[in-house]
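Working notes, beginning with the structure itself.
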Amino acid sequence: MPRDKHPVSRNDISKNALKVLYRLHNSGFDAYLVGGCVRDILLGIQPKDFDVTTNATPEQVKSLFRNCRLIGRRFRLAHVVFGKEIIEVATFRGHHADDADSKSSKKNQHAHSDEHGQLVRDNVYGTIEEDAERRDFTANALYYNIADFAIYDFANGVEDINKGVLRLIGDAETRYREDPVRMLRAVRFATKLNMQLDTAVRDPIPELASLLANIPPARLFDEFLKMFMSGKATANFSMMMELGLFQQLFPMLKGHLSDAQSPAYQMLLKAFKDTDKRIAEDKRVTPAYLVAVLLWWPLLARKEQLENEGGLPPMDAINIAAADVVHRQSQRVSIPKRFSLPAREIWQLQRRLQVTKGGRAMKALEHKRFRAAYDFMLLRSHAEPEDKKLAELAQFWTEAQNNPTKLKTGKSGAPTRKPRRRRRGPRKKKPQSNSDNGSA
Ligand code: ATP
Ligand code: MG
């Protein structure tokens, strides 16, 4: 598509990306913008980053830019760094040396794939046509050439974008087996771009969803963030539930989500809606809060089990259960400590906030996670409207924030401790509230 047939203008492209494109071009290399950024500009969406692809090798790219570092796990890439903005420059990816006969010979195909058909080695350079074939969706295989400002569309991506259908390049099942994360990407792009999943894209997913178990948990955490922290959490959640993908990422939640009316389901839904709303309003969001919500029901189940079987006091049971569920979850989707620790504080505070009087209550109010814990309590109360005690407690803390003198009396009908005579000498550790009945 020549420049006069498409709307992608250099004004839509980041200055830094243009610098990279021009320097490559002026040094005699091919240089294209590729992938999500071209797609997004065609859709009138502001791209969140700009990716460049070229026939220069990573080493050649490095020699052209002082501010360049080479990275690479499965595939070597150059990052050209401009302060906060990083322009990723990838060399055209080719077919594997054995791809030519891979259709006739299963043995060769497996030379680079594991027993599930997943690509384990993926580091061959190639031509732009080969590069296009390796991309996932047709809408993602569009190239904007800095040499003539034309868009090169190798898989009818422009037509699919105009029709609003998300289509995989090649055979869907094969592409999912090569990289099961593409199933998650299908959902994410459908909601982000407001596109329909082509039936060939949609139909194999329920059957193949379990292949996500073969993806490294750290990569799935990255996908989790994109899925639930980009303003489309609610839509992604319901589509993932429909296709059986959510259950794969959070296997411990399976039993809690079979009924859309269940408190767990309602709590998750509300948390996702709140997250989307906050993002739409440009407010801060943290994955720690979602982690706390997602694992709350498994946490309660494990805590009860520990209390019943091991006779543990509630706070100990919470702490051990927290460590257990975070550990189990991390086998599938890893949760960095910087998010799991705050989640655990939110859980602990659910119990500490049952004390509504005196120095301990005051301390809870001043805790750096108080606000998150309070929001979390409101969310619990929303999910379990028939729990009147919880509603009263939430109401108490709503008022106490504006009027901390309440903490002197602990009045609002919320559970409080009976006045006790002061003692001298060391105290024995005791549970902090009179309602030890499982609500945390
Ligand atoms: P966004 O940045 O909005 O999430 P994107 O399409 O730019 O969307 P990236 O993950 O940034 O997605 O990837 C850039 C491009 O690399 C994609 O457009 C696609 O062409 C290709 N790509 C990324 N991941 C895969 C994959 N798993 N399989 C095949 N191609 C992929
Ligand atoms: Mg991108």
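Taking the criterion of being hydroxyl-bearing (Ser, Thr, Tyr) and farther than 21 Å from Gly157 by Cβ, no residue of the stretch 1-13 qualifies. Looking across Ala31, Ala17, one residue alone is crowded, with 19+ Cβ neighbours inside 10 Å, within 14 Å of ligand 2 (Cβ to nearest atom) and of a type in the set (Gly, Ala, Ser). It is Ala17.
For the criterion of being surrounded by 19 or more Cβ atoms within 10 Å (Cβ to Cβ), within 12 Å of ligand 1 (Cβ to nearest atom) and in a loop (DSSP other than H, G, I, E, B), Ala186 fails. From the list Arg351, Arg360, Arg332, the lone residue that is of a type in the set (D, E, K, R), more than 30 Å from Arg219 (Cα to Cα) and in contact with a Pro (Cβ under 8 Å, 6 or more places away or on another chain) is Arg351.
I'd like to check something: does the stretch 191-198 contain any residue that is under 18 Å from Asp222 (Cβ atoms), in contact (Cβ under 8 Å) with a residue 24 or more places away in the chain and of a type outside the set (Gly, Ala, Ser)? Yes, the stretch 191-198 has at least one match. Scan the stretch 198-213 for residues that are closer than 18 Å to Thr138 by Cβ and surrounded by fewer than 21 Cβ atoms within 10 Å (Cβ to Cβ) and the total you get is 6. For the stretch 263-321, which helices (runs of 4 or more DSSP H) that fit wholly inside it have 1 or more residues that are out of contact with any Asp or Glu (no Cβ under 6 Å at 6 or more places or on another chain) and surrounded by fewer than 17 Cβ atoms within 10 Å (Cβ to Cβ)? Helices (runs of 4 or more DSSP H) meeting the threshold: 263-280, 296-310.
Look at Tyr144 and say whether it is in contact (Cβ under 8 Å) with a residue 12 or more places away in the chain, in the same structural domain as Val38 (by TED's automatic domain parsing), crowded, with 21+ Cβ neighbours inside 10 Å and touching a Leu at 6+ places or on another chain (Cβ under 6 Å). Judged against the criteria, Tyr144 is a match.
Flag set for Leu184, criterion: within 30 Å of Leu42 (Cβ to Cβ), in contact with an Asp or Glu (Cβ under 6 Å, 6 or more places away or on another chain) and touching a residue at least 24 places away in the same chain (Cβ under 8 Å). Number of residues in the stretch 2-37 that are outside any helix (DSSP H, G or I) and either within 27 Å of Arg76 (Cβ to Cβ) or of a type in the set (Lys, Arg) (or both) equals 11.
The values are calculated or read from the model by the stated rules, or taken from the named source; none is laboratory data. As the structure is a prediction and not an experimental result, all values here were calculated from the model. Glycine also receives a Cβ, built like all others from the backbone with ideal geometry; neighbour counts cover every protein chain displayed.
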